Every structure is written in structure tokens, then in C-alpha cells.
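Down below is the structure, laid out as C-alpha cells.
The values are calculated or read from the model by the stated rules, or taken from the named source; none is laboratory data. All values derive from a computational prediction rather than experimental measurement. Cβ placement follows ideal geometry from the backbone for every residue including glycine, while neighbour counts extend to all protein chains displayed.
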Amino acid sequence: MLVSAKEMLTKAKAGHYAVGQFNINNLEWTKAILQTAQECNSPVILGVSEGAGKYMCGFKTVASMVKAMVEDLKITVPVALHLDHGSYEGAKACIEAGFSSIMFDGSHYPIDENVAKTTELVSICEEKGISIEAEVGAIGGEEDGVVGAGECADPDECKMIADLGVTMLAAGIGNIHGKYPANWAGLSFSTLAAVQEKTGAMPLVLHGGTGIPAEQIKKAIDLGVSKINVNTECQLAFAAATRGYVEAGKDLKGKGFDPRKLLAPGVEAIKATVKEKMELFGSVNKA
Ligand SMILES: [Zn+2]
């Protein structure tokens, strides 16, 4: 059974650790992340972008696959299925399809419109017991075609959105999606502290977890981050391992072309990445 992210994040906040959101792209990705969460006895959030949802045939296919996989693999740790950077329409479609958590990314709307749409979605989610994440201040890098520069959120706007009753809040603190450039200034801890001071007990979300140095991750958790999104790092690990397999000519030996063999090193690489992150975030044995 899928659960809302509310309880796992409330526990994480109180216990000073963070729960990882790992984005999924296909069956192999999903299986690798679920098995690692179970092995680590860690709660987990599976993230699905609208693009990945489309790639996997649609949100219904995704929800059915994840629910069935949790059952077939006998996964007992808490699992939330979460829409990542959802549009207003996408959020409604995921609620309909059986997701247990959504993100409504209204950061590109004027604040009044962001407030109105978030308010409506909060009331739908409350009724259904689904958690909802909102975003204030665009996260830099590319989010499904929208490129931002890594701005810092206005703490007062964060409070306004937090007060609408969202479960968790993503605030831009200089973080960006994808690989960080060499001249990146690092996370703005003064912004994070100011946002947390205004929003109180609200679990904060750190997007763009790939390539943020471990010390900055730990400091962010100390300052109130309870959910950290990891996407690119699993992709890089999968691609490198698959490249290694092909470059070593293993697909040309025996039945090395069998997809179950061809994709296995990539799957192992995802598992290793997820485990490393769960250890860094402190969520191991917190299921
Ligand atoms: Zn993001």
C-alpha cells in the first residue's frame, strides 16, 4: 500500500534526518529503489516527473506498476508515490490515478494565482489523505524545459504558501537541477534559516540533490530540510555502468545481449547510489 509522505516527513523532521525522493523512469529503476529502501529499512518517496509519467505510458500505468511491485516484492517500508514538479492539470490527473503525494509547482505563476491554485489542491488532497508539496522561488537548472538560475525564495512568500496547509515546502536556496557548474556559490544557509524561522514545523524540501557536497547536505538537514530529491545522480550512475558493460564487449559474449543481463550493471549502480544517499540523509533504519 502506498502512503502519504506526511507521517514520514514529520518523523524525519523530529529525528533530524531526511527522506530521499528518488525519481523513477521504468521498471528497473523502480525495482532498484524499492529493493534498496527495503534492504536499508528506510522510508522512501518515488518521484515521477510529468515527462517520465508520459514516457511510462501515463500516470495510471505508473501507479498500477508501483502498487503491484510493492506487493510482489513484499515491501514493508513506507513508500510514497509522488508527482514531481506537477502542473495544475498533472496534479489532478495523478490524484485521480492513485498517487499518494503530489507536488504542485506554481512557482512560475504570479503569487496570487499560485495561492489560489495551491489552496484548491490542498483541499482536494486533505480530503483524500494525500500529501502536497509546493514550491516558492524557482529552483535553478532545467525542470522539464523550464530553465531557472537558482534564485533564493522570499521567506515571507514561503510563509504565505506554508500557511495554506501544504505538507512540505520546496524553497529555492541557490540549489539547481542537474550537474552543478564549477563556479556554483553553494547553498544559501541564511535563506534556509530565514525560511525555517518563518515556517516553523513545516518540512522543507531540497531539490537538485545531485552534486551538493555532503557537508552542505548535512547542514541543510540540521536547518530543517526533511526531504531531498535525487534524480540526475541515479541517471549518471546507470549510464556509466551500462557504458562500461558495452565498452567491455560483454553484450557480444554469450547471451550478454539479454536485456536482463545488459541492464543489470546499471540497476546495481542505481542501488549503490540510493544506498549511499540513504546513509548520508540518515534515513537508514527509520522505516
Ligand atoms: Zn525539482
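Just checking, how many residues over region 172-183 are touching a residue at least 24 places away in the same chain (Cβ under 8 Å) and more than 15 Å from V225 (Cβ to Cβ)?
5
Considering only residues in region 145-170 that are among the aliphatic types (A, V, I, L, M), part of a loop (DSSP other than H, G, I, E, B) and at pLDDT 90 or above, the one that is nearest to the ligand (Cβ to nearest atom) turns out to be V166.
Residues in region 171-182: is at least one out of contact with any strand residue (DSSP E or B) (no Cβ under 7 Å at 6 or more places or on another chain), at positive phi, at pLDDT below 90 and of a type outside the set (S, T, N, Q)?
no
Listed by position, the helices (runs of 4 or more DSSP H) enclosed by region 174-265 that each have at least 3 residues that are within 16 Å of the ligand (Cβ to nearest atom), out of contact with any Cys (no Cβ under 9 Å at 6 or more places or on another chain) and over 22 Å from A162 (Cα atoms) are 232-247.
L81 meets the stated requirement of being at negative phi, surrounded by 22 or more Cβ atoms within 10 Å (Cβ to Cβ) and not charged (D, E, K, R). Considering every residue within region 51-70, establish whether at least one is within 15 Å of the ligand (Cβ to nearest atom), touching a residue at least 60 places away in the same chain (Cβ under 8 Å) and more than 29 Å from D156 (Cβ to Cβ). Checked region 51-70: at least one residue is within 15 Å of the ligand (Cβ to nearest atom), touching a residue at least 60 places away in the same chain (Cβ under 8 Å) and more than 29 Å from D156 (Cβ to Cβ). Of all residues in region 27-70, those being part of a loop (DSSP other than H, G, I, E, B) and surrounded by 15 or more Cβ atoms within 10 Å (Cβ to Cβ) number 3. Residues in region 72-94 that are within 17 Å of the chain's Cα centre (by Cα) and closer than 16 Å to G58 by Cα: L81, H82, L83, D84, H85, G86, S87, G90, A91, C94.
Among the residues making up region 97-116, those that are within 16 Å of the ligand (Cβ to nearest atom) and of a type in the set (S, T, Y) are S101, S107.
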